[in-house]
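See structure below.
The values are calculated or read from the model by the stated rules, or taken from the named source; none is laboratory data. Everything numeric here is computed off the predicted structure, so don't read it as measured data. Methodologically, a virtual Cβ is constructed for each residue, glycine included, from the backbone with ideal geometry; neighbour enumeration extends over all protein chains shown.
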Amino acid sequence: MKKQILTFVASIFLLGVFGGNVLAAEKKNEKGENSDNPEIIDLGSRLELFTDYFLIESLDKVSLKLHEPIDKGSVLSFDKLWEGPFSGYCTVIKDGDLFRLYYRGLPTAGKDGRPDEHTCYAESQDGIHWSKPDLKIHEINGSLNNNVILSDIAPVTHNFSPFMDTRLDVNPKRKFKALGGIESSGLIPYVSEDGIHWTNLQKEPVLRGRKSDFDSQNVSFWSEDEQLYICYYRTWVTVHETRYRSVARVTSKDFINWTKPIEMVFGETPQEQLYTNQTSPYYRAPHIYISVAARFMKDRQVLTNEEAKKLDVNPKYFKDCSDAILMTTRGGNSYDRTFMESFIRPGIGLQNWVSRSNYPALNIVQTGHDEMSIYVNQDYAQPTAHLHRYTLRIDGFTSINAPYKGGEMMTKPIRFTGDELLINFATSAAGYVKVEILDLNGNKIEGFELESSTEIIGNEIEKTVTWKGNPDLKQLNDQPVRLRFVMKDADLYSIRFR
């Protein structure tokens, strides 16, 4: 009887320590069915972010937190005669030490795919200070002194969206690739050796869509993880008799022949109007695709007619508003929308609350030792139209956040390769992070107990975890384990083994 009581007490203790979910989780597979063999996530040595619940088994008094990018102000005005208030659909590419910016120049409102739409180019050495080189490629308004790289190929210039092909065996003459076009033309492929001089790969479109498809920036890239070219493009879906701007996905092995489209889904979340999807591999963890999408709130009007007139907003472009949201996907046809809240809210001032403003540029790029930048179009349809810059710490989209009273997170079963565990974290002066390693049954592994974990205090992009000063994890390589993070007044942004 005494033995039975002790066993019962020990079981209750384990359930309490592990948030009540760990032992139960061992008996369920990914469909929620009972199983004695839990799925083990093979991390290898790749970086993992906490933008979703992929790694998380349980949370106890901690939560996933969405972080707010810091406003760094305007970095580029669309002030040339061939640019203007309707410039947009920006793409930022970090090419070694050079930052490249591509965007549509458009001075007047009107039908999509017109001859006065141009693809413009700017560049920077730091991602902060930008210049518009006189490329002397196209004559605009009687002069070759301009930064236009594509002209007179409407409607490709309506939404030309380039990327740098990172495939290992890529033809150097096709280092840069792009798609552009609208419903009537389909998406037409272009290639470039230097990112400035472009030729069409073929005149015929490689993708044809349904009615109203492609009316936005249609983004493509080479996926290192999937070993495929992937394109996420604008499509429409009907939900409860309401049409929504949404996203479809196609893949290709050669950038010419593409699969049939599949519509992206968003889990058990409300359908929203997504004007652009801006999906791209995160540069530090390319198996995770980050989407900083434009959420379009149709007919949600903030400005009065008088206020719009005072700002000199085009009369057709102030009766809706927009912001930026954060989604992620790990391939397939599903986005994770863990956070429905705005990622980048419209700024202070009525000029930020007009139609088609606050549309994010494609790609997140590193602009400092501990900083990455996100770019956003602002003041759309106004004389002050420009590109704005926002920053986050490296990996700082989201975090496991612990309050002052403390809490803990338990990972799902994992297998790793590496000699040490690195974490990206921040604590207060009073806070800390400690790590315990457990076997699949929830038992402590000798030498990696919580009591042995060195209390980690500070704010670092990369910190090695130790147990009594020892970081060595060689003995645990390829062994299924769980990580238990015990935290107080702290944020945990990412982890990796090395």
| said: For segment 304-316, check the following and say yes or no: at least one residue is touching a strand residue (DSSP E or B) at 6+ places or on another chain (Cβ under 7 Å) and modelled with pLDDT of 95 or more. | reply: no
| field | Filter result for residue 147 (over 17 Å from residue 219 (Cβ atoms), in contact (Cβ under 8 Å) with a residue 60 or more places away in the chain and surrounded by 21 or more Cβ atoms within 10 Å (Cβ to Cβ)) | value | yes
| Which fully enclosed strands (runs of 3 or more DSSP E) of segment 173-259 have 2 or more residues being at negative phi and touching a helix residue (DSSP H, G or I) at 6+ places or on another chain (Cβ under 6 Å)? | 188-192
| query | Does residue 167 meet the test of being free of Cβ contacts under 8 Å to residues at least 40 places away in the same chain and within 13 Å of residue 255 (Cα to Cα)? | reply | no
| Filter result (closer than 27 Å to residue 148 by Cα and of a type in the set (A, V, I, L, M)) within segment 198-229 | 201, 206, 207, 219
| Out of segment 295-336, which residues are touching a Lys or Arg at 6+ places or on another chain (Cβ under 7 Å), within 19 Å of residue 269 (Cβ to Cβ), in contact (Cβ under 8 Å) with a residue 40 or more places away in the chain and not hydrophobic (A, V, I, L, M, F, W, C)? | 322, 333
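Any idea which of 194, 152 is charged (D, E, K, R), within 25 Å of residue 364 (Cβ to Cβ) and assigned by TED's automatic domain parsing to the domain that holds residue 283?
So the residue among 194, 152 that is charged (D, E, K, R), within 25 Å of residue 364 (Cβ to Cβ) and assigned by TED's automatic domain parsing to the domain that holds residue 283 is 194.
This table checks each residue for (1) under 14 Å from the mean Cα position of the chain (by Cα); (2) of a type in the set (Gly, Ala, Ser); (3) surrounded by 15 or more Cβ atoms within 10 Å (Cβ to Cβ).
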residue: 292; (1), (2), (3): yes, no, yes
residue: 296; (1), (2), (3): no, no, yes
residue: 299; (1), (2), (3): no, no, no
residue: 303; (1), (2), (3): no, no, yes
residue: 306; (1), (2), (3): no, no, no
residue: 310; (1), (2), (3): no, no, no
residue: 317; (1), (2), (3): no, no, yes
residue: 321; (1), (2), (3): no, no, yes
residue: 332; (1), (2), (3): no, yes, no
| remark: Within segment 67-92, of all residues that are more than 23 Å from the chain's Cα centre (by Cα) and hydrophobic (A, V, I, L, M, F, W, C), the one surrounded by the fewest Cβ atoms within 10 Å (Cβ to Cβ) is 81
| message | Can you tell me which residue is farthest from residue 87 (Cα to Cα) among those in segment 334-373 that are surrounded by 19 or more Cβ atoms within 10 Å (Cβ to Cβ) and small (Gly, Ala, Ser)? | response | 373
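Is it the case that segment 81-88 has a residue that's under 30 Å from residue 401 (Cα atoms), small (Gly, Ala, Ser) and either modelled with pLDDT of 95 or more or assigned to a strand (DSSP E or B) (or both)?
no
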| query | Going through segment 92-116 one residue at a time, which ones are closer than 13 Å to residue 157 by Cβ and in a strand (DSSP E or B)? | reply | 102, 103, 104, 105
| query | Has segment 114-125 got at least one residue that is modelled with pLDDT of 95 or more, of a type outside the set (S, T, N, Q) and in contact with a helix residue (DSSP H, G or I) (Cβ under 7 Å, 6 or more places away or on another chain)? | reply | yes
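Out of curiosity, is residue 119 outside any strand (DSSP E or B) and either closer than 18 Å to residue 195 by Cβ or not assigned by TED's automatic domain parsing to the domain that holds residue 187 (or both)?
Judged against the criteria, residue 119 is not a match.
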| task | Within segment 450-468, work out how many residues are assigned to a loop (DSSP other than H, G, I, E, B) and either surrounded by fewer than 15 Cβ atoms within 10 Å (Cβ to Cβ) or touching a residue at least 24 places away in the same chain (Cβ under 8 Å) (or both). | result | 5
| If residue 106 passes every condition in (1) closer than 23 Å to residue 355 by Cβ; (2) touching a Leu at 6+ places or on another chain (Cβ under 6 Å) but one, which one does it miss? | (2)
| Which residues, taken from segment 51-66, are assigned to a loop (DSSP other than H, G, I, E, B) and surrounded by fewer than 18 Cβ atoms within 10 Å (Cβ to Cβ)? | 53, 54, 61
